[in-house]
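For reference, the structure discussed in these notes is given below.
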Amino acid sequence: MRRIHSILFILLIFCTSLWAEEIPLADNPPERYTVVKGDTLWNIAARFLKNPWQWPKIWHANPQIKDPHWIYPGDVIVLEWVDGQPQLTLQRGNVKNVQGDTEKLQPQIRETPIEQAIPTIPYEAIRQFLTSPRVVSKEEIKHAPYIVSLTDNRIIGGTGDTIYVRGIGNSENTQGFTVFRQGKAFRDHTTKEILGYEAMYVADTHMQKGGDPATLTVTRSNREILVGDRLLPIQEEQVALNYQPHPPSKKIDGRIINVLDGVSQIGQYNIVVIDRGSRDGLEKGHVLTILRKGGKIRDTVDKRAAEIINLPNEKAGLL
């Protein structure tokens, strides 16, 4: 069984690919913009473009600059026209002002280390979710370490408690481990193929002593901890927020099949699982349109026909 999972940041319900040939600029875009701390790639792109996901199509960073695709506070983004087409370029060091005269940027202290480029979306908005959403295969569940006992043989545990875990051994994982509980199966909406299983977040832990069983302390929890719950290494550092937003190269149709913690009304920066992934051509940074499925109504005007009419899908947001 091949497993697919895509955990993405979204606004609302059904999704299909973005298709746009033209690259319309925003109303009154600036000719130059200086990046400041707290900016994100998405809000900078929105200053210049009506469709921020089209950023890569007009982004022409200076190839002489190390890591030209990453943008840092203090950088200057310049809107230029080449053969009648808009281009966005990155300038560091000596730059030209609007009149074409050379200006010298004065030395300044960066409040953000140079290696920390601005993220595509704000890290703070989703930080609390980065360790918890997880999609796992049956094999991962089968081989994951498990809780064999709780402090004083308690039935349930929580923050501050000690737990005893088999299968970790003497792991040197400094990030710690996440306690999870197997949830429902994620299925392809059309074929019903099982794509993976929900790993319901239970708690975060820190290992005190290795062995069989190993001794761990619960540092945070939002559900009761039970004997038999499984553990996975915390993977927060694997989440990269410096991706380049762009549309897929081919049409992709899919469905949202799960929302974190079963929320029914979802909004900006919520996390969802969709039934499409890498084998369907999805990659990090792809942007999809979210459509709310149109309902069915009966034609009550022409009573002779009394037809059932399918209302069109309505755009609800971006994923």
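Things to note:
- Cα centroid of the range 169-202 to Cα centroid of the range 299-319, whole Å: 38
- Within a straight-line Cα-Cα reach of under 28 Å, Lys37 can be paired with the following lysines, leaving aside sequence neighbours fewer than 8 residues apart in one chain: Lys50, Lys57, Lys66, Lys96, Lys104, Lys284.
- At an R0 of 22 angstrom, the distance between the Cβ atoms of Tyr243 and Glu124 translates into a FRET efficiency of 0.80.
- Our coupling estimate for the range 220-227, obtained by passing each phi through the Karplus curve with A = 6.51, B = -1.76, C = 1.60 and θ = phi - 60°, is 7, 8, 10, 9, 5, 9, 10, 4 Hz, Gly and Pro reported as x.
- Using the Cβ-Cβ distance between Asp27 and Asp253 with R0 set to 41 Å, the FRET efficiency works out to roughly 0.80.
- In Hz, Karplus ³J(HN,Hα) per residue of the range 181-187 (6.51, -1.76, 1.60; θ = phi - 60°; x = Gly, Pro): 10, 4, x, 6, 6, 8, 10
- Amide H partners (placed H, <5 Å) of Ser171, local residues excluded: Gly211
- Burial ranking of peptide ranges 22-30, 190-198 (average Cβ count within 10 Å, highest at the top): 190-198, 22-30
- Close amide H partners of Tyr269, meaning residues 5 or more places away or on another chain with modelled amide H under 5 Å apart, are Ile10.
- Amide H contacts under 5 Å for Gly74, placed H, 5+ residues apart: Val35, Val36
- Based on Cα contacts under 8 Å between residues 6+ apart, the range 173-286 shows a relative contact order of 25 percent.
- Accessible surface of the range 248-288, 1.4 Å probe, proportion on carbon and sulfur as whole %: 40
- Neighbourhood net charge (13 Å Cβ-Cβ; Lys/Arg +1, Asp/Glu -1) for Thr159: -1
- For the peptides 60-72, 278-290, the ranking by mean Cβ contacts within 10 Å, running from highest to lowest, is 278-290, 60-72.
- The Cβ shell under 10 Å around Ile225 holds other residues with a net charge of 0, Lys and Arg each +1, Asp and Glu each -1.
The values are calculated or read from the model by the stated rules, or taken from the named source; none is laboratory data. Since we're looking at a predicted model, the values are computed, not measured. Every residue, glycine as well, gets a Cβ built from its backbone with ideal geometry; the counts of neighbours run over all protein chains shown. We work out accessible area using only protein heavy atoms, side chains counted, and drop any ligands, DNA or RNA first. Shrake-Rupley method; radii C 1.70, N 1.55, O 1.52, S 1.80 Å.
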